Number of protein chains: 2
Amino acid sequence: MEPSRARAVAFDVNETMFSLGALKGAFADVGLDVAQVPLWFARLLRDAFALTALGEYRPFAEIAAETLRDLDPGRVENAAVETVLATMRRLDPHPDVEPALRRLSDGGIPAITLTNGSVETTSALLERAGLAAHIAHVVSVDAVRRLKPAPEPYRHAAAVLGVPAGDLALVAAHPWDCAGARHAGLRAGWVRRGDARWPRVFPPPDATAATLPELVDALLAG
Amino acid sequence: MEPSRARAVAFDVNETMFSLGALKGAFADVGLDVAQVPLWFARLLRDAFALTALGEYRPFAEIAAETLRDLDPGRVENAAVETVLATMRRLDPHPDVEPALRRLSDGGIPAITLTNGSVETTSALLERAGLAAHIAHVVSVDAVRRLKPAPEPYRHAAAVLGVPAGDLALVAAHPWDCAGARHAGLRAGWVRRGDARWPRVFPPPDATAATLPELVDALLAG
(Lines give C-alpha, C1' and ligand atoms only; values in the text may rest on other atoms or scores of the structure.)
Protein backbone atom coordinates (compact mmCIF):
# COMPACT_ATOMS: atom_id res chain seq x y z
CA MET A 1 0.00 0.00 0.00
CA GLU A 2 1.15 3.53 -0.85
CA PRO A 3 0.84 6.23 1.81
CA SER A 4 -0.81 8.80 -0.50
CA ARG A 5 -4.30 8.82 -2.02
CA ALA A 6 -4.89 8.68 -5.76
CA ARG A 7 -5.26 12.15 -7.28
CA ALA A 8 -6.52 10.93 -10.67
CA VAL A 9 -8.08 7.72 -11.97
CA ALA A 10 -7.48 6.00 -15.32
CA PHE A 11 -10.12 3.50 -16.46
CA ASP A 12 -9.42 0.56 -18.71
CA VAL A 13 -12.24 0.28 -21.27
CA ASN A 14 -13.03 -3.24 -22.58
CA GLU A 15 -14.66 -5.41 -19.86
CA THR A 16 -13.84 -2.78 -17.20
CA MET A 17 -16.28 -0.07 -18.39
CA PHE A 18 -18.02 -1.86 -21.26
CA SER A 19 -19.39 -5.40 -21.39
CA LEU A 20 -18.26 -7.62 -24.24
CA GLY A 21 -21.74 -9.22 -24.17
CA ALA A 22 -22.77 -7.68 -27.51
CA LEU A 23 -20.02 -9.66 -29.25
CA LYS A 24 -22.09 -12.84 -28.91
CA GLY A 25 -24.78 -11.36 -31.13
CA ALA A 26 -22.19 -10.17 -33.63
CA PHE A 27 -20.56 -13.63 -33.79
CA ALA A 28 -23.99 -15.23 -34.35
CA ASP A 29 -24.89 -12.67 -37.04
CA VAL A 30 -21.80 -13.49 -39.11
CA GLY A 31 -21.92 -17.26 -38.62
CA LEU A 32 -19.06 -17.56 -36.12
CA ASP A 33 -19.40 -19.89 -33.13
CA VAL A 34 -20.69 -17.81 -30.20
CA ALA A 35 -18.82 -20.09 -27.78
CA GLN A 36 -15.56 -18.85 -29.34
CA VAL A 37 -15.86 -15.23 -28.12
CA PRO A 38 -13.70 -15.89 -25.01
CA LEU A 39 -11.16 -17.87 -27.10
CA TRP A 40 -10.94 -15.05 -29.63
CA PHE A 41 -10.43 -12.40 -26.95
CA ALA A 42 -7.78 -14.49 -25.16
CA ARG A 43 -5.89 -14.99 -28.44
CA LEU A 44 -6.21 -11.30 -29.30
CA LEU A 45 -4.54 -10.44 -26.00
CA ARG A 46 -2.02 -13.29 -26.41
CA ASP A 47 -0.80 -11.95 -29.75
CA ALA A 48 -0.92 -8.31 -28.59
CA PHE A 49 1.25 -9.18 -25.58
CA ALA A 50 3.59 -11.36 -27.66
CA LEU A 51 4.28 -8.43 -29.98
CA THR A 52 4.84 -6.21 -26.95
CA ALA A 53 7.14 -8.73 -25.25
CA LEU A 54 9.31 -9.12 -28.34
CA GLY A 55 9.50 -5.34 -28.85
CA GLU A 56 7.10 -4.63 -31.72
CA TYR A 57 3.79 -2.83 -32.05
CA ARG A 58 0.65 -3.11 -34.17
CA PRO A 59 -2.69 -1.32 -33.66
CA PHE A 60 -5.04 -3.39 -31.49
CA ALA A 61 -7.77 -3.48 -34.17
CA GLU A 62 -5.35 -5.07 -36.64
CA ILE A 63 -4.49 -7.83 -34.15
CA ALA A 64 -8.21 -8.25 -33.44
CA ALA A 65 -8.93 -8.73 -37.16
CA GLU A 66 -6.13 -11.26 -37.64
CA THR A 67 -7.07 -13.37 -34.61
CA LEU A 68 -10.69 -13.37 -35.83
CA ARG A 69 -9.57 -14.73 -39.19
CA ASP A 70 -7.56 -17.43 -37.36
CA LEU A 71 -10.74 -18.80 -35.75
CA ASP A 72 -11.69 -20.47 -39.04
CA PRO A 73 -8.74 -20.07 -41.42
CA GLY A 74 -9.71 -19.11 -44.96
CA ARG A 75 -13.42 -18.96 -44.17
CA VAL A 76 -13.88 -15.72 -42.20
CA GLU A 77 -15.03 -13.06 -44.70
CA ASN A 78 -13.87 -9.45 -44.52
CA ALA A 79 -17.51 -8.44 -43.95
CA ALA A 80 -17.61 -10.65 -40.84
CA VAL A 81 -14.46 -9.01 -39.50
CA GLU A 82 -15.95 -5.56 -40.16
CA THR A 83 -19.14 -6.49 -38.30
CA VAL A 84 -17.30 -7.73 -35.21
CA LEU A 85 -14.94 -4.74 -35.11
CA ALA A 86 -17.90 -2.35 -35.55
CA THR A 87 -19.54 -4.04 -32.56
CA MET A 88 -16.46 -3.15 -30.47
CA ARG A 89 -17.61 0.48 -30.95
CA ARG A 90 -21.17 -0.31 -29.80
CA LEU A 91 -20.70 -2.12 -26.49
CA ASP A 92 -22.96 -1.37 -23.54
CA PRO A 93 -21.48 0.10 -20.34
CA HIS A 94 -21.65 -1.83 -17.09
CA PRO A 95 -24.27 -0.18 -14.82
CA ASP A 96 -21.67 0.70 -12.16
CA VAL A 97 -19.60 2.93 -14.50
CA GLU A 98 -21.75 6.06 -14.42
CA PRO A 99 -22.04 6.22 -10.59
CA ALA A 100 -18.27 5.75 -10.26
CA LEU A 101 -17.54 8.53 -12.75
CA ARG A 102 -20.12 10.80 -11.06
CA ARG A 103 -18.42 10.20 -7.71
CA LEU A 104 -15.09 11.32 -9.19
CA SER A 105 -16.65 14.36 -10.92
CA ASP A 106 -18.32 15.40 -7.65
CA GLY A 107 -15.00 15.09 -5.83
CA GLY A 108 -13.06 17.06 -8.44
CA ILE A 109 -10.87 14.05 -9.26
CA PRO A 110 -9.98 13.78 -12.97
CA ALA A 111 -10.98 10.56 -14.73
CA ILE A 112 -9.36 9.43 -17.98
CA THR A 113 -9.52 6.29 -20.11
CA LEU A 114 -6.43 4.22 -20.92
CA THR A 115 -7.02 1.37 -23.34
CA ASN A 116 -5.13 -0.71 -25.89
CA GLY A 117 -7.90 0.28 -28.33
CA SER A 118 -7.90 3.44 -30.40
CA VAL A 119 -9.02 6.95 -29.42
CA GLU A 120 -11.68 6.75 -32.13
CA THR A 121 -13.23 3.51 -30.81
CA THR A 122 -13.11 4.69 -27.20
CA SER A 123 -14.62 8.08 -28.03
CA ALA A 124 -17.44 6.36 -29.92
CA LEU A 125 -18.17 4.10 -26.91
CA LEU A 126 -18.17 7.00 -24.46
CA GLU A 127 -20.40 9.21 -26.66
CA ARG A 128 -22.91 6.42 -27.27
CA ALA A 129 -23.12 5.68 -23.53
CA GLY A 130 -23.45 9.35 -22.57
CA LEU A 131 -20.27 9.18 -20.48
CA ALA A 132 -17.94 11.43 -22.49
CA ALA A 133 -18.51 14.51 -20.31
CA HIS A 134 -17.01 12.67 -17.32
CA ILE A 135 -13.72 11.82 -19.09
CA ALA A 136 -10.96 14.45 -19.08
CA HIS A 137 -8.73 12.66 -21.62
CA VAL A 138 -9.08 9.64 -23.91
CA VAL A 139 -5.50 8.38 -23.79
CA SER A 140 -4.25 6.07 -26.53
CA VAL A 141 -1.38 3.63 -26.54
CA ASP A 142 -0.92 4.65 -30.19
CA ALA A 143 0.85 7.79 -28.93
CA VAL A 144 3.70 5.68 -27.46
CA ARG A 145 3.40 2.70 -29.83
CA ARG A 146 3.57 0.23 -26.95
CA LEU A 147 0.60 -1.77 -25.70
CA LYS A 148 -0.32 -2.35 -22.07
CA PRO A 149 0.96 -4.03 -19.90
CA ALA A 150 4.36 -2.58 -20.98
CA PRO A 151 5.19 0.39 -18.72
CA GLU A 152 5.14 3.14 -21.37
CA PRO A 153 1.35 3.58 -21.76
CA TYR A 154 0.82 3.94 -18.01
CA ARG A 155 3.59 6.51 -17.64
CA HIS A 156 2.28 8.34 -20.70
CA ALA A 157 -1.15 8.60 -19.04
CA ALA A 158 0.40 10.20 -15.94
CA ALA A 159 2.36 12.60 -18.17
CA VAL A 160 -0.83 13.61 -20.03
CA LEU A 161 -2.40 14.49 -16.66
CA GLY A 162 0.78 16.14 -15.42
CA VAL A 163 0.88 14.07 -12.23
CA PRO A 164 3.55 11.74 -10.81
CA ALA A 165 2.85 8.08 -11.69
CA GLY A 166 2.22 7.27 -8.03
CA ASP A 167 -0.66 9.78 -7.89
CA LEU A 168 -2.55 8.00 -10.69
CA ALA A 169 -4.63 4.88 -10.07
CA LEU A 170 -5.55 2.47 -12.84
CA VAL A 171 -8.89 0.73 -12.53
CA ALA A 172 -9.25 -2.51 -14.51
CA ALA A 173 -11.09 -5.83 -14.65
CA HIS A 174 -7.91 -7.57 -15.84
CA PRO A 175 -5.21 -8.69 -13.42
CA TRP A 176 -2.51 -8.30 -16.10
CA ASP A 177 -3.50 -4.64 -16.50
CA CYS A 178 -3.36 -3.94 -12.75
CA ALA A 179 0.03 -5.67 -12.60
CA GLY A 180 1.34 -3.56 -15.48
CA ALA A 181 0.17 -0.36 -13.82
CA ARG A 182 1.83 -1.26 -10.52
CA HIS A 183 5.03 -2.23 -12.28
CA ALA A 184 5.06 1.20 -13.96
CA GLY A 185 4.69 2.95 -10.60
CA LEU A 186 0.92 3.61 -10.60
CA ARG A 187 -1.59 2.47 -8.03
CA ALA A 188 -4.01 -0.22 -9.23
CA GLY A 189 -7.57 -1.20 -8.38
CA TRP A 190 -9.09 -4.47 -9.53
CA VAL A 191 -12.83 -4.64 -10.17
CA ARG A 192 -13.72 -8.27 -9.66
CA ARG A 193 -16.39 -8.90 -12.32
CA GLY A 194 -18.42 -12.11 -11.97
CA ASP A 195 -16.64 -14.89 -10.13
CA ALA A 196 -13.13 -13.96 -11.30
CA ARG A 197 -10.20 -14.84 -9.03
CA TRP A 198 -6.84 -13.11 -8.77
CA PRO A 199 -4.09 -15.25 -10.37
CA ARG A 200 -1.20 -15.56 -7.94
CA VAL A 201 1.41 -15.10 -10.65
CA PHE A 202 0.65 -11.35 -10.70
CA PRO A 203 1.61 -9.03 -7.83
CA PRO A 204 -1.60 -8.08 -5.97
CA PRO A 205 -3.52 -4.82 -6.60
CA ASP A 206 -3.74 -1.95 -4.09
CA ALA A 207 -7.49 -2.38 -3.82
CA THR A 208 -10.17 -4.87 -4.91
CA ALA A 209 -13.95 -4.43 -5.03
CA ALA A 210 -16.98 -6.00 -6.68
CA THR A 211 -18.16 -2.68 -8.15
CA LEU A 212 -16.51 0.43 -9.55
CA PRO A 213 -17.95 2.94 -7.01
CA GLU A 214 -16.61 0.82 -4.13
CA LEU A 215 -13.27 0.53 -5.88
CA VAL A 216 -13.03 4.29 -6.48
CA ASP A 217 -13.85 4.90 -2.81
CA ALA A 218 -11.10 2.52 -1.73
CA LEU A 219 -8.50 4.12 -4.01
CA LEU A 220 -9.42 7.64 -2.92
CA ALA A 221 -9.31 6.65 0.75
CA GLY A 222 -5.60 5.84 0.19
CA MET B 1 16.15 -14.22 -46.39
CA GLU B 2 19.62 -14.49 -44.88
CA PRO B 3 22.52 -15.36 -47.17
CA SER B 4 23.94 -18.09 -44.88
CA ARG B 5 22.49 -21.50 -44.03
CA ALA B 6 21.46 -22.48 -40.49
CA ARG B 7 24.28 -24.25 -38.63
CA ALA B 8 22.11 -25.40 -35.72
CA VAL B 9 18.38 -25.85 -35.14
CA ALA B 10 16.37 -25.11 -31.98
CA PHE B 11 12.97 -26.81 -31.66
CA ASP B 12 10.07 -25.39 -29.72
CA VAL B 13 8.41 -28.22 -27.78
CA ASN B 14 4.64 -27.85 -27.10
CA GLU B 15 2.60 -28.23 -30.31
CA THR B 16 5.78 -28.08 -32.43
CA MET B 17 7.26 -31.45 -31.37
CA PHE B 18 4.50 -32.78 -29.10
CA SER B 19 0.74 -32.80 -29.69
CA LEU B 20 -1.45 -31.31 -26.97
CA GLY B 21 -4.07 -33.93 -27.88
CA ALA B 22 -3.61 -35.88 -24.64
CA LEU B 23 -4.85 -32.86 -22.67
CA LYS B 24 -8.41 -33.57 -23.78
CA GLY B 25 -8.36 -36.87 -21.95
CA ALA B 26 -6.85 -35.22 -18.88
CA PHE B 27 -9.52 -32.50 -18.85
CA ALA B 28 -12.25 -35.16 -19.14
CA ASP B 29 -10.68 -37.26 -16.37
CA VAL B 30 -10.79 -34.37 -13.87
CA GLY B 31 -14.24 -33.05 -14.85
CA LEU B 32 -13.09 -29.99 -16.80
CA ASP B 33 -14.81 -29.09 -20.08
CA VAL B 34 -12.78 -30.66 -22.91
CA ALA B 35 -13.82 -27.80 -25.23
CA GLN B 36 -11.87 -25.44 -22.95
CA VAL B 37 -8.40 -26.86 -23.73
CA PRO B 38 -7.71 -24.23 -26.45
CA LEU B 39 -9.09 -21.44 -24.21
CA TRP B 40 -6.86 -22.56 -21.35
CA PHE B 41 -3.74 -22.71 -23.52
CA ALA B 42 -4.48 -19.27 -25.05
CA ARG B 43 -4.91 -17.77 -21.57
CA LEU B 44 -1.77 -19.50 -20.32
CA LEU B 45 0.21 -17.84 -23.12
CA ARG B 46 -1.68 -14.55 -22.62
CA ASP B 47 -0.64 -14.33 -18.97
CA ALA B 48 2.89 -15.58 -19.67
CA PHE B 49 3.38 -12.89 -22.31
CA ALA B 50 1.74 -10.21 -20.13
CA LEU B 51 4.27 -10.92 -17.38
CA THR B 52 7.07 -10.82 -19.94
CA ALA B 53 5.81 -7.55 -21.50
CA LEU B 54 5.62 -5.82 -18.12
CA GLY B 55 9.06 -7.06 -17.11
CA GLU B 56 8.41 -9.90 -14.67
CA TYR B 57 8.91 -13.65 -14.73
CA ARG B 58 7.21 -16.73 -13.28
CA PRO B 59 7.84 -20.37 -14.16
CA PHE B 60 5.53 -21.53 -16.96
CA ALA B 61 4.05 -24.37 -14.86
CA GLU B 62 2.94 -21.87 -12.21
CA ILE B 63 1.13 -19.77 -14.83
CA ALA B 64 -0.37 -22.98 -16.26
CA ALA B 65 -1.73 -23.93 -12.83
CA GLU B 66 -3.22 -20.50 -12.16
CA THR B 67 -4.95 -20.23 -15.55
CA LEU B 68 -6.37 -23.73 -15.04
CA ARG B 69 -7.86 -22.63 -11.73
CA ASP B 70 -9.36 -19.57 -13.48
CA LEU B 71 -11.40 -21.83 -15.81
CA ASP B 72 -13.86 -22.52 -12.99
CA PRO B 73 -12.94 -20.24 -10.09
CA GLY B 74 -13.05 -21.91 -6.70
CA ARG B 75 -13.99 -25.31 -8.14
CA VAL B 76 -10.77 -26.64 -9.70
CA GLU B 77 -9.18 -28.97 -7.15
CA ASN B 78 -5.41 -29.18 -6.64
CA ALA B 79 -5.58 -32.83 -7.74
CA ALA B 80 -7.08 -31.73 -11.07
CA VAL B 81 -4.26 -29.23 -11.58
CA GLU B 82 -1.70 -31.94 -10.78
CA THR B 83 -3.28 -34.33 -13.29
CA VAL B 84 -3.25 -31.79 -16.12
CA LEU B 85 0.32 -30.67 -15.40
CA ALA B 86 1.46 -34.30 -15.22
CA THR B 87 -0.09 -34.85 -18.66
CA MET B 88 2.13 -32.05 -20.01
CA ARG B 89 5.03 -34.46 -19.29
CA ARG B 90 3.32 -37.33 -21.16
CA LEU B 91 2.40 -35.82 -24.54
CA ASP B 92 2.89 -37.82 -27.75
CA PRO B 93 5.33 -36.58 -30.39
CA HIS B 94 4.09 -35.63 -33.85
CA PRO B 95 5.16 -38.36 -36.32
CA ASP B 96 7.34 -35.93 -38.31
CA VAL B 97 9.66 -35.12 -35.39
CA GLU B 98 11.85 -38.21 -35.45
CA PRO B 99 12.58 -38.05 -39.23
CA ALA B 100 13.48 -34.36 -38.92
CA LEU B 101 15.84 -35.01 -35.99
CA ARG B 102 17.38 -37.96 -37.82
CA ARG B 103 18.03 -35.78 -40.86
CA LEU B 104 19.88 -33.27 -38.66
CA SER B 105 21.87 -36.03 -36.89
CA ASP B 106 22.87 -37.53 -40.23
CA GLY B 107 24.01 -34.11 -41.45
CA GLY B 108 26.01 -33.37 -38.30
CA ILE B 109 23.80 -30.37 -37.47
CA PRO B 110 23.18 -29.93 -33.73
CA ALA B 111 19.54 -29.92 -32.61
CA ILE B 112 18.43 -28.43 -29.29
CA THR B 113 15.08 -27.71 -27.64
CA LEU B 114 14.05 -24.22 -26.54
CA THR B 115 10.77 -24.04 -24.66
CA ASN B 116 9.02 -21.88 -22.10
CA GLY B 117 8.55 -25.09 -20.10
CA SER B 118 11.09 -26.49 -17.68
CA VAL B 119 14.14 -28.67 -18.37
CA GLU B 120 12.57 -31.40 -16.23
CA THR B 121 9.30 -31.49 -18.24
CA THR B 122 11.10 -31.35 -21.59
CA SER B 123 13.58 -34.07 -20.63
CA ALA B 124 10.69 -36.29 -19.52
CA LEU B 125 8.92 -35.79 -22.87
CA LEU B 126 12.05 -36.53 -24.89
CA GLU B 127 12.94 -39.63 -22.87
CA ARG B 128 9.42 -41.04 -23.09
CA ALA B 129 9.36 -40.51 -26.88
CA GLY B 130 12.83 -42.00 -27.40
CA LEU B 131 14.11 -38.73 -28.87
CA ALA B 132 16.60 -37.65 -26.20
CA ALA B 133 19.65 -39.00 -28.03
CA HIS B 134 19.02 -36.57 -30.92
CA ILE B 135 18.98 -33.46 -28.70
CA ALA B 136 22.35 -31.85 -27.87
CA HIS B 137 20.95 -29.46 -25.21
CA VAL B 138 17.63 -29.00 -23.43
CA VAL B 139 17.68 -25.22 -23.05
CA SER B 140 15.46 -23.58 -20.45
CA VAL B 141 14.16 -20.04 -20.22
CA ASP B 142 14.58 -20.45 -16.45
CA ALA B 143 18.30 -19.79 -16.96
CA VAL B 144 17.60 -16.21 -18.12
CA ARG B 145 14.31 -15.73 -16.24
CA ARG B 146 12.61 -14.31 -19.34
CA LEU B 147 10.00 -16.17 -21.36
CA LYS B 148 9.83 -16.36 -25.15
CA PRO B 149 9.09 -14.29 -27.24
CA ALA B 150 11.35 -11.81 -25.38
CA PRO B 151 14.80 -11.83 -27.06
CA GLU B 152 16.84 -13.18 -24.13
CA PRO B 153 15.90 -16.90 -24.38
CA TYR B 154 16.75 -17.05 -28.11
CA ARG B 155 20.12 -15.36 -27.62
CA HIS B 156 20.80 -17.62 -24.65
CA ALA B 157 20.21 -20.66 -26.86
CA ALA B 158 22.78 -19.40 -29.39
CA ALA B 159 25.23 -18.74 -26.56
CA VAL B 160 24.77 -22.29 -25.20
CA LEU B 161 25.67 -23.63 -28.65
CA GLY B 162 28.51 -21.12 -29.05
CA VAL B 163 27.21 -19.89 -32.42
CA PRO B 164 26.19 -16.41 -33.62
CA ALA B 165 22.41 -15.84 -33.35
CA GLY B 166 22.14 -15.68 -37.14
CA ASP B 167 23.51 -19.23 -37.49
CA LEU B 168 20.74 -20.69 -35.32
CA ALA B 169 17.25 -21.42 -36.71
CA LEU B 170 14.23 -21.75 -34.48
CA VAL B 171 11.54 -24.19 -35.62
CA ALA B 172 8.07 -23.60 -34.18
CA ALA B 173 4.36 -24.12 -34.81
CA HIS B 174 3.58 -20.71 -33.28
CA PRO B 175 3.91 -17.51 -35.29
CA TRP B 176 4.67 -15.48 -32.13
CA ASP B 177 7.65 -17.76 -31.47
CA CYS B 178 9.03 -17.41 -35.00
CA ALA B 179 8.59 -13.63 -34.75
CA GLY B 180 10.45 -13.53 -31.43
CA ALA B 181 13.32 -15.56 -32.85
CA ARG B 182 13.67 -13.30 -35.88
CA HIS B 183 13.50 -10.20 -33.69
CA ALA B 184 16.38 -11.64 -31.62
CA GLY B 185 18.48 -12.18 -34.76
CA LEU B 186 17.85 -15.89 -35.35
CA ARG B 187 16.42 -17.48 -38.46
CA ALA B 188 12.91 -18.90 -38.07
CA GLY B 189 10.98 -21.74 -39.68
CA TRP B 190 7.24 -22.11 -39.26
CA VAL B 191 5.70 -25.60 -39.33
CA ARG B 192 2.14 -25.04 -40.46
CA ARG B 193 0.19 -27.61 -38.45
CA GLY B 194 -3.40 -28.30 -39.58
CA ASP B 195 -5.05 -25.41 -41.39
CA ALA B 196 -3.23 -22.66 -39.48
CA ARG B 197 -2.67 -19.35 -41.26
CA TRP B 198 0.13 -16.83 -40.68
CA PRO B 199 -1.23 -13.72 -38.89
CA ARG B 200 -0.10 -10.64 -40.79
CA VAL B 201 0.69 -8.73 -37.59
CA PHE B 202 3.89 -10.79 -37.21
CA PRO B 203 6.89 -10.37 -39.53
CA PRO B 204 7.04 -13.44 -41.81
CA PRO B 205 9.31 -16.47 -41.13
CA ASP B 206 12.34 -17.37 -43.26
CA ALA B 207 10.74 -20.67 -44.26
CA THR B 208 7.35 -22.38 -44.01
CA ALA B 209 6.48 -26.05 -44.52
CA ALA B 210 3.71 -28.49 -43.67
CA THR B 211 6.10 -30.97 -42.03
CA LEU B 212 9.28 -30.74 -39.96
CA PRO B 213 11.59 -32.65 -42.38
CA GLU B 214 10.61 -30.29 -45.23
CA LEU B 215 11.13 -27.31 -42.94
CA VAL B 216 14.57 -28.51 -41.83
CA ASP B 217 15.55 -29.03 -45.47
CA ALA B 218 14.45 -25.49 -46.34
CA LEU B 219 16.38 -23.96 -43.43
CA LEU B 220 19.54 -25.93 -44.20
CA ALA B 221 19.33 -25.00 -47.90
CA GLY B 222 19.67 -21.35 -46.76
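Taking region B:178-206, which residues are facing chain A (nearest Cβ under 10 Å), in contact with a Lys or Arg (Cβ under 6 Å, 6 or more places away or on another chain) and buried (at least 24 other Cβ atoms within 10 Å of the Cβ)?
Answer for region B:178-206, where residues must be facing chain A (nearest Cβ under 10 Å), in contact with a Lys or Arg (Cβ under 6 Å, 6 or more places away or on another chain) and buried (at least 24 other Cβ atoms within 10 Å of the Cβ): B:180, B:184.
Would you please list the contacts, defined by Cβ atoms under 6 Å and residues six or more apart or on different chains, that run from a residue in region A:150-162 that is in the same structural domain as residue A:13 (by TED's automatic domain parsing) to a residue that is part of a helix (DSSP H, G or I) and of a type in the set (Val, Ile, Thr)?
A:150/A:52; A:153/A:141
How about region B:22-76: which helices (runs of 4 or more DSSP H) wholly inside it have at least 3 residues that are facing chain A (nearest Cβ under 7 Å) and under 18 Å from the mean Cα position of the chain (by Cα)?
In region B:22-76, B:37-54 are the helices (runs of 4 or more DSSP H) which contain 3 or more residues that are facing chain A (nearest Cβ under 7 Å) and under 18 Å from the mean Cα position of the chain (by Cα).
Collect the residues in region A:121-158 that are over 14 Å from residue A:181 (Cβ atoms) and aliphatic (A, V, I, L, M), keeping them in residue-number order.
A:124, A:125, A:126, A:129, A:131, A:132, A:133, A:135, A:136, A:138, A:143, A:144
Just one of the numbered conditions (1) buried (at least 24 other Cβ atoms within 10 Å of the Cβ); (2) touching a strand residue (DSSP E or B) at 6+ places or on another chain (Cβ under 9 Å) is not true of residue A:43; which one?
(2)
Is it true that residue A:86 is in a helix (DSSP H, G or I) and either within 14 Å of chain B (Cβ to nearest Cβ) or surrounded by fewer than 22 Cβ atoms within 10 Å (Cβ to Cβ) (or both)?
On the way: in a helix (DSSP H, G or I): yes; either within 14 Å of chain B (Cβ to nearest Cβ) or surrounded by fewer than 22 Cβ atoms within 10 Å (Cβ to Cβ) (or both): yes.
It is true that residue A:86 is in a helix (DSSP H, G or I) and either within 14 Å of chain B (Cβ to nearest Cβ) or surrounded by fewer than 22 Cβ atoms within 10 Å (Cβ to Cβ) (or both).
If you check every pair at least six apart or on different chains, which have Cβ atoms under 8 Å apart with a residue in region B:206-222 that is closer than 19 Å to residue B:93 by Cβ first and a residue that is of a type in the set (Phe, Trp, Tyr) and part of a loop (DSSP other than H, G, I, E, B) second?
Listed by first residue and then by second, the contacts come to nothing, as the list is empty.
Testing residue B:83 on (1) in contact with a helix residue (DSSP H, G or I) (Cβ under 6 Å, 6 or more places away or on another chain); (2) assigned by TED's automatic domain parsing to the domain that holds residue B:168; (3) among the polar types (S, T, N, Q), one condition comes back false. Which one is that?
Checking residue B:83 against (1) in contact with a helix residue (DSSP H, G or I) (Cβ under 6 Å, 6 or more places away or on another chain); (2) assigned by TED's automatic domain parsing to the domain that holds residue B:168; (3) among the polar types (S, T, N, Q), the one that fails is (2).
Among what's in region B:46-64 and is free of Cβ contacts under 8 Å to residues at least 40 places away in the same chain and surrounded by 21 or more Cβ atoms within 10 Å (Cβ to Cβ), pick the residue that is farthest from residue A:153 (Cα to Cα).
My answer is B:64.
Would you mind finding the one in B:71, B:91, B:101 that is surrounded by fewer than 20 Cβ atoms within 10 Å (Cβ to Cβ) and in contact with a Leu (Cβ under 9 Å, 6 or more places away or on another chain)? Walk me through how you get there before you give the answer.
Values: B:91 fails: surrounded by fewer than 20 Cβ atoms within 10 Å (Cβ to Cβ); B:101 fails: surrounded by fewer than 20 Cβ atoms within 10 Å (Cβ to Cβ).
Exactly one residue qualifies, and that residue is B:71.
The values are calculated or read from the model by the stated rules, or taken from the named source; none is laboratory data. Note that this is a predicted model, so its numbers are computed, not measured. Cβ sites come from the backbone with ideal geometry, for glycine too, and all protein chains shown count toward neighbours.
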